[in-house]
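Presented below is the structure to which this report refers.
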Amino acid sequence: MTGPGSAAGPLRPVSLEEYAEAARARVEPAVWDFIEGGAGQERTLTANRLAFDQVRLRTRVLTGCGEPDLATTVLGRTWAAPVAVAPVAYHTLVHPDGETATARAAGAAGLPLVVSTFAGRTFEDIAAAASSPLWLQVYCFRDRETTRRVVERAERAGFEALVLTVDTPRLGRRLRDLRNGFRLPDHVRPANLPAEHADASPADHGRTHLDPGLDWSVISWLRSISHLPVLVKGVMTAEDADAAVAAGVDGVVVSNHGGRQLDGVPASLDVLPEVAAAVRGRTALLLDGGVRRGGDVLAALALGADAVLLGRPVLHGLAVAGDEGVAGVLDLVTEELADAMALTGTPSVAAAGAALPAAPAGTVASAAAPAHLTAPAPAPVPAPVPAAVPGAAVLRKEELHGSVSDPLLDTMNFLNEITGRFPGAVSFAPGRPYEGLFDTEEIFGHLRRYVDHLAARGASPGEIRTTMYQYGPTAGQIRELIADSLRADEGIDVPPESIVVTVGAQEAMLLTLRALFADPRDVLLVVSPCYVGITGAARLLDLRVRSVEEREAGLDPADVAAAVRAERAAGRRPRALYVVPDHSNPSGSTMTRRAREELLDLAARHDLLIIEDSPYRLVSPGPQEPTLKSLDRERRVVHLGSFAKSVFPGARVGFAVADQPVRDATGSGSLLADELAKIKSMVTVNTPALSQAAVAGALLASGGRLTELNALPAKHYGEALRETLDQLDRRLPEDRRRALGVDWNRPSGGFFLTVRVPFPAGNDALLRSARNHGVIWTPMSYFHPEEGGDRSLRLSFSYLGQEEIREGIARFAAFVEAEAARAAGGTTEAGGAA
Ligand SMILES: Cc1cc2nc3c(=O)[nH]c(=O)nc-3n(C[C@H](O)[C@H](O)[C@H](O)COP(=O)(O)O)c2cc1C
């Protein structure tokens, strides 16, 4: 081992504490006091540290966690670790390079830097030195014009977000500075503010220039002067977190300004659970104050923060060795975080919740109390979540089923967030039916028609009442009507007993998977990209899934055969293949007749079942290929149906056709449908009678033929598809798209098409698309159970009118052009971060 001062030379500090000690020796005492000090008796300053000191982490062993993954995504942008540099005024106080050195180090570490309004170096110099995201911390001055110019200057320099500090209507009483009569040295001045802001006394400057009368309307003012996302820094209560969310901010920073504002307020860590509960994931949530170790970062993540900010330690590193010192500090924290994650069995930032022990009884109440009543030195261990009632049960996420922490079940969150944040954008994301096709009054007509139908078939008023009001048969009350329509519309000839009416096709998936998958070696094959409903259902049931990549021309049965063989070779049993053969969601592709026949052959040869899901056929124009089920001579196909597109999704009615015979050990038999119904009796008991009645009434309206009922919708969706393709051709003509490397498929129906692009089409690009171009789409990677789809996206046109499609595709083309130029290094469009 090398000892201090050995032949290998002086050792680098091994903790942030040692960096602080080394820095103290290099910095003027009054400057040191300015940096280190807090307000008043520094109780809050001390509390910030104490709160972390009292945390005890919970180790888990033999978790197979491997190298922990520190990468974290904050508002769509991926950082190397959940750590950023807090805004701290005047880095030039401790090093002549100031913020440029910090920016270099933050860039090398892949971590963002929040630059203070009082930076000692210009935004342009800092931007030139930076290679990771820069955010601007904003102080809103009485003189809004100056504030506006600061914001615009930072935005021009490429800064990616605004962090409005809201805890400083005036500066706190910092006794050390008062005693020292602290004044900034001559060489330290705000490099981005006009001369009248160059006051040597920060306290005097604050009194003169900070606007003490700000209210939440400042957020809309900021939005009116800048397109950048806005975070607020200095929130310490659930009430203010609620107000921030209501004001539409993009992020909240829990902070007491490092104990520099009001002495006696709680530690930021202690109020984090309260704020996290209020924010409920609706915005990004960051925390600063007292973070001095990697374990502190993990504790903050476990209590609900997405990331933390480091304040003073960065200045310590800078004072010790300029950019290398800052790099040393950032490396230490991230290495310690990796240690803490590995030793607690925390494989990823998202899994951090498990690292905290449950709160001891009686300690959870403080988080719910109003901040001004919060007891001093609250919990020895901070509460994992706030509870409204003292002693209320607190559940631990890692003790819930793994699916609730699985990113798969969260897939659409980011998309929803984006849609909420940019309400003016044209959205090609939702796979919903076009609402212009619905008429509320029709529902009553459907119900009436069904009741009349029952009466015409001899049901007495009492029987009709029972049908409409009571629990119904588990397998469904409209099976005959569905069987008739399947025969007429789809060439599927099955007895009504082989049908189970379900709450949407989603329930049919769950029931089918539950019944079919019994052995841990069973594997579900899915075509990738794949509808998330099936992979989600498989996740709920802990089933093993293997994906078979679709080719440009659609699913190749030979690829299915290869996957079956590979699974068998690995000792597993491919049990069933899930496939959407017609106008698939998400890709839009349709299997040829030949591929269908090959697939059925293959299923017979390999003793495989096929789960066919086909919700888009009847709302697509022109003749359709036959369903797999109609070609199925060996009862290999479980056909799932949905009335969501062909009648209306609000009914939530679907069904499974499961005519496979089932034999038990005694030789007596049933149909798979009977077994599905048994499971259903423990899931939803029966599909709501009113919903079944509405669907039945719709079927009866068209003589039992859905094709007839959907003649108009099919025409509408066909025109929407044609308009989308025409507009794409118009906005990105052949030679242009060849030059750009853009390409799309041309489905013959359905709600979706796939666009392949020459740039990564993930969340970052989606954010830029929504913000800068006002158009939203779905990254195709969302639909890949394993990897893939990074450079393709799904456009759904079903929900939009023709005018919106025209406008949306114009915007989409502009986005594609901008993004392709960006990928080629031509331009740097603002707004990647946040
Ligand atoms: C010397 C110093 C200057 C600061 N300047 C600013 C600033 O200009 N704007 C701001 O929002 N916060 C400022 N802060 C507060 C930090 O952003 C952060 O909230 C605090 O330092 C976090 O606590 P920590 O130092 O314990 O990590 C400053 C803090 C210090 C120590």
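The values are calculated or read from the model by the stated rules, or taken from the named source; none is laboratory data. All values derive from a computational prediction rather than experimental measurement. Cβ: placed from backbone, ideal geometry, glycine included. Neighbour counts: every protein chain shown. For accessibility, only protein heavy atoms count, side chains too; no ligands or nucleic acids. Shrake-Rupley method; radii C 1.70, N 1.55, O 1.52, S 1.80 Å.
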Exercise. Ignoring ligands, DNA and RNA, what accessible area per residue does segment 16-356 give at 1.4 Å, in Å²?
Worked result: 36 Å²
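Rg(Cα) of segment 16-356 divided by 2.2 N^0.38 Å?
Details: Rg = 18.6 Å, N = 341, 2.2 N^0.38 = 20.2 Å.
My calculation over the Cα atoms of segment 16-356 gives 0.92.
Compute the FRET efficiency between Leu262 and Glu803 as 1/(1 + (r/R0)^6), taking r as their Cβ-Cβ distance and R0 = 60 Å, and round to the nearest 0.05.
0.65
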Exercise. Quick one: how many Å² of His187 are accessible to a 1.4 Å probe, rounded to 10?
Worked result: 130 Å²
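For a quick check of your reading of the filter: which trypsin sites (Lys or Arg not before Pro) in segment 105-212 sit in a DSSP loop and have no more than 15 other Cβ atoms within 10 Å? Show your work: numbers first, answer last.
Details: sites: Arg121, Arg142, Arg144, Arg148, Arg149, Arg153, Arg156, Arg170, Arg173, Arg174, Arg176, Arg179, Arg183, Arg207; in loops: Arg121, Arg142, Arg170, Arg173, Arg174, Arg183.
Qualifying residues, ordered by number: Arg142, Arg170, Arg173.
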Problem set entry | Whole-number percent relative contact order across the chain, with pairs defined as alpha carbons under 8 Å at least 6 apart | 13 percent
Exercise. Of Ile482, Thr467, Leu454, which is farthest along the charge dipole of segment 425-486 in the positive direction, counting Lys and Arg as +1 and Asp and Glu as -1 at C-beta?
Worked result: Thr467
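Using DSSP to call loops (not H, G, I, E or B), can you name the GluC sites (Glu not before Pro) in segment 518-562 whose Cβ has at most 14 other Cβ atoms within 10 angstrom?
Details: sites: Glu549, Glu550, Glu552; in loops: Glu550, Glu552.
Loop-located and lightly packed - Glu552.
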Exercise. Put +1 on the Cβ of each Lys and Arg and -1 on the Cβ of each Asp and Glu in segment 475-688; which of Gly654, Ser498, Ala677 then has its Cα farthest toward the positive end of the dipole?
Worked result: Ala677
Problem set entry | For Tyr578, solvent-accessible area (1.4 Å; no DNA, RNA or ligand), Å² | 10 Å²
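Once the cut-off is 31 Å, how many percent of the Cα-Cα pairs in segment 475-688 end up in the long-distance tail? Numbers along the way, then the final one.
On the way: 2972 of 22791 pairs.
Summing the P(r) tail past 31 Å for segment 475-688 gives 13 percent.
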Exercise. How big is the gap, in Å, between the Cα center of segment 721-798 and the Cα center of segment 494-517?
Worked result: 33 Å
Exercise. Of all GluC sites (Glu not before Pro) in segment 607-675, which ones are in loop regions per DSSP and have a Cβ with at most 12 other Cβ atoms within 10 Å?
Worked result: Glu634
For this session: Could you work out how far helix 593-605 tilts from the main Cα principal axis of the chain, as a 0 to 90 degree angle to the nearest 10?
Result: 90 degrees
Problem set entry | Virtual spin-label span in nm between Glu399 and Leu690, 7 Å along Cα→Cβ | 3.8 nm
Seminar exercise, completed: Per the helix-only model, the chain has a calculated mean residue ellipticity at 222 nm (DSSP H runs of ≥4, -39500 (n - 2.57) each, divided over all residues, rounded to the nearest 500) of -11500 deg cm²/dmol
Exercise. Given labels modelled 7 Å from the Cα in the Cβ direction, how far is it in nm from Leu408 to Lys715?
Worked result: 4.2 nm
Exercise. For segment 47-130, what is the relative contact order in percent, using Cα pairs closer than 8 Å and at least 6 residues apart in sequence?
Worked result: 26 percent
Problem set entry | Under the Debye formula (equal points on every Cα, no solvent term), log10 I(q)/I(0) of the chain at q = 0.11 Å⁻¹ | -1.24
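Taking 25 Å as R0, compute the FRET efficiency from the Cβ-Cβ separation of Met682 and Glu463 and round it to 0.05. List each step's numbers first, then the result.
Numbers: r = 27 Å, r/R0 = 1.08.
It comes to 0.40.
With a cut-off of 8 Å between alpha carbons and a minimum separation of six or more residues, what is the relative contact order of segment 475-688 in percent?
Details: 380 pairs, mean separation 56.7, N = 214.
Relative contact order of segment 475-688: 26 percent.
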For this session: Give the ranking of Arg738, Arg746 by solvent-accessible surface, highest area first, calculated with a 1.4 Å probe.
Result: Arg738, Arg746
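Could you give the dipole magnitude of segment 103-209 about its Cα centre, charging the beta-carbon of Lys and Arg +1 and that of Asp and Glu -1, in debye to the nearest 20?
Rounded to the nearest 20 debye, it is 380 debye.
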For this session: Note the full-extension length gain between Ala25 and Asp143 as 0.36 nm times their separation in residues minus their Cα-Cα distance, in nm to one decimal.
Result: 38.6 nm
Problem set entry | Solvent-accessible area, 1.4 Å probe, carbon plus sulfur percent, for the chain | 52 percent
Exercise. For the pair Thr208 and Glu67, how long in nm is the line joining their label points, each one 7 Å along Cα→Cβ?
Worked result: 5.4 nm
